[in-house]
Structures are given as C-alpha cells and as structure tokens.
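Read the structure below first, then the notes.
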Amino acid sequence: MARRPLIAGNWKMHGGRADLDKLRMIREATRRRICETTDVLVCPPATLLAHAFEALEPKVAVGGQDCHFAASGPYTGSISAPMLADSGARYVILGHSERRSGCGEDDALVARKVAAAWSAGLVAIVCVGETEAEHAAGRTLAVLREELTGSLPSGATGDNTVIAYEPIWAIGAGRTPTPDEIEKIHHAMREHLSHRIGEPAARAVRLLYGGSVKPENAGEILAIRNVDGALVGGASLNAEDFIAICRSVPEPAAAPPRGGLE
Ligand code: PGA
C-alpha cells in the first residue's frame, strides 16, 4: 500500500508575522504539482497558527508543536489539542527531543498528549530518537522500541499517527546517519509497529526522518525504503530550502520496489 509522503516543517521558537510571506511562497510553489502527491505541513509557533492557516490552507496544512494532555483547565500558558484544532491545525508534533530533554517530558506524558490529540481529531507526529551516547553504545533500536512502546497509546493507525525518527545527535548538527542506518532503523520501527498494532495498521503509518534534512541531502534520504517523508527544522525557516526539499520527494513511479514489510 502506497503511503502518501509528508514533508513537515518545524519552525520551533522562530518566526513572527513578518515571516508569513514565506508561507505564501510555500503555498504558491507547492499547491499544484507537489500537493497532488505529497502532504506538505508547516508547524509555526502557536502565535502564528491562525495567520498560517489563512496563508497556507487548504492545500498546505498547519500544525502545532506541542499540546497539553487536558482539553481545557487551569494550566496557565498551555495550549490544548482542541484549541489547536480550533485554530485550523490538522497535526501536532509530540515528544520532540527538545521537549523531552528541555521540558522534562517522559514517554507516559507524551502518550497522554497523543491520546488528547487523537480525541481532538489531530494527527499526532510522535518523535523518537537516541542520544549520541546511546548511538555510540549501539542502543539505538532498544531506545526506539522503548520510546515507541511508552509514547503510543493503543489505537494508533495510519490516519491518526505519524512517527518521526529524529536522532538527537543529528538535530541542528549538520550530520545524519548513513542511508543504510536510516533504512535499517525505519525497517525495525515498522516491524515493531507491526507487532504492536498489527501489520495492516503498521503498513499505513508514515515514518518520517528528521535531523539536518537539507536540500542537498533530501533526495537521497527521501528515496530510502520506509522513509515516508521528513521533519525539517532549520531548513524549513528558509522558504526556498523548504520548497526544494518538497521537490525532492521521489515521483511515485520512481519509488523503490515494494516487497517485505516496508
Ligand atoms: P533540524 O531539526 O532539521 O534543524 O536538524 C529537526 C527537528 O528538530 O525537527
């Protein structure tokens, strides 16, 4: 079953209204040919969501970068999943390593947020990834299995969940794993999902790679088997770079041959 590629931009804590022109550029450049075959998404800071919705939708989607696990309540400074949906967001990034390490989020909290996102009708982009030390110790797959098990409540499907593999040591670092490593890791993640949610659902879940994706390496990364798109940080702040990454998605006919659990 062919999965629709997804190119997602994560603006992190960058950008203001002066940057909305970038979104209009992205919309104009992708709305015809690219958006016919590929889902394009930008996750700006929450202050820009409503503006971004107007600048991008309906062809290019808008998403949040986090949400609270509760639908509403006395949580000063937090934003709930229904609020994101109300602003026009269709996706939300959850469990990004910058929130896991910077805001003390553990797998159990991420799982509660994922459930909240699903209840609000949002697609959860669940991030997992190992540290440099875990990578060096050969613990990558063990870490990913643990994070996937802990961060995903039961009920994940291809419609409500996207997984983003983001090696922490690659984020913003200008380095990436080798294509071989990415292929093995994504294959292992799909196998893990298959045990967890059954093969048909696992086959439908999109697996993104994130961590120093740039126009220069996007073509090679996006052609890897079981890589269904990219989560792009730094390069998504530059409209031309982000558009170039969207253009690097292989044509459906040129996709690698299918076979096995991919
Ligand atoms: P990067 O960030 O593309 O700047 O490495 C990726 C991410 O953190 O999602």
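What follows draws every value from the coordinates through simple rules; no lab data is involved. The model shown is predicted, which means the values in this text are computed figures rather than measured ones. We place every Cβ from the backbone using ideal geometry, glycine too, and count neighbours over all the protein chains shown.
What tally of residues in region 90-135 results from selecting those that are surrounded by fewer than 19 Cβ atoms within 10 Å (Cβ to Cβ) and either under 17 Å from residue 207 (Cβ atoms) or within 13 Å of the chain's Cα centre (by Cα) (or both)?
Total satisfying the criteria: 1.
Given (1) in a helix (DSSP H, G or I); (2) touching a residue at least 40 places away in the same chain (Cβ under 8 Å); (3) within 16 Å of the ligand (Cβ to nearest atom), where does residue 99 come up short, assuming only one miss?
(2)
Checking the conditions here, which among 196, 225, 190 is of a type outside the set (Gly, Ala, Ser), surrounded by 16 or more Cβ atoms within 10 Å (Cβ to Cβ) and either part of a helix (DSSP H, G or I) or within 14 Å of the chain's Cα centre (by Cα) (or both)?
It is 190.
Evaluate region 70-77: report whether one residue or more is within 16 Å of the ligand (Cβ to nearest atom) and either without any contact (Cβ under 8 Å) to a residue 12 or more places away in the chain or assigned to a loop (DSSP other than H, G, I, E, B) (or both).
Looking through region 70-77, none of the residues is within 16 Å of the ligand (Cβ to nearest atom) and either without any contact (Cβ under 8 Å) to a residue 12 or more places away in the chain or assigned to a loop (DSSP other than H, G, I, E, B) (or both).
Select, from 173, 202, the only residue that is more than 16 Å from the ligand (Cβ to nearest atom), closer than 24 Å to residue 249 by Cβ and outside any strand (DSSP E or B).
202
Return the pairs, sorted by first residue and then second, in which the second residue is among the aromatic types (Phe, Trp, Tyr) and more than 8 Å from the ligand (Cβ to nearest atom), the first residue lies in region 208-237 and is farther than 17 Å from residue 189 by Cα, the beta carbons are less than 7 Å apart, and the residues are 6+ apart or on different chains.
232/242; 235/242; 236/11; 236/242; 237/11
Could you tell me whether any residue of region 176-193 is of a type outside the set (A, V, I, L, M, F, W, C), within 14 Å of the ligand (Cβ to nearest atom) and under 17 Å from residue 232 (Cα atoms)?
Checking region 176-193: at least one residue is of a type outside the set (A, V, I, L, M, F, W, C), within 14 Å of the ligand (Cβ to nearest atom) and under 17 Å from residue 232 (Cα atoms).
Test of understanding: among 88, 95, which residue is touching an Asp or Glu at 6+ places or on another chain (Cβ under 9 Å) and over 26 Å from residue 172 (Cα atoms)?
When all the criteria are applied, what remains is 88.
Have a look at 157, 178 and point out the one that is closer than 26 Å to residue 132 by Cα and of a type in the set (S, T, N, Q).
178
If only one of 176, 157, 161 is surrounded by 13 or more Cβ atoms within 10 Å (Cβ to Cβ), under 18 Å from residue 224 (Cβ atoms) and among the hydroxyl-bearing types (Ser, Thr, Tyr), which one is it? Lay out the reasoning, then the answer.
Numbers: 157 fails: under 18 Å from residue 224 (Cβ atoms); 161 fails: under 18 Å from residue 224 (Cβ atoms).
Step by step, each of 176, 157, 161 is checked, and only 176 is surrounded by 13 or more Cβ atoms within 10 Å (Cβ to Cβ), under 18 Å from residue 224 (Cβ atoms) and among the hydroxyl-bearing types (Ser, Thr, Tyr).
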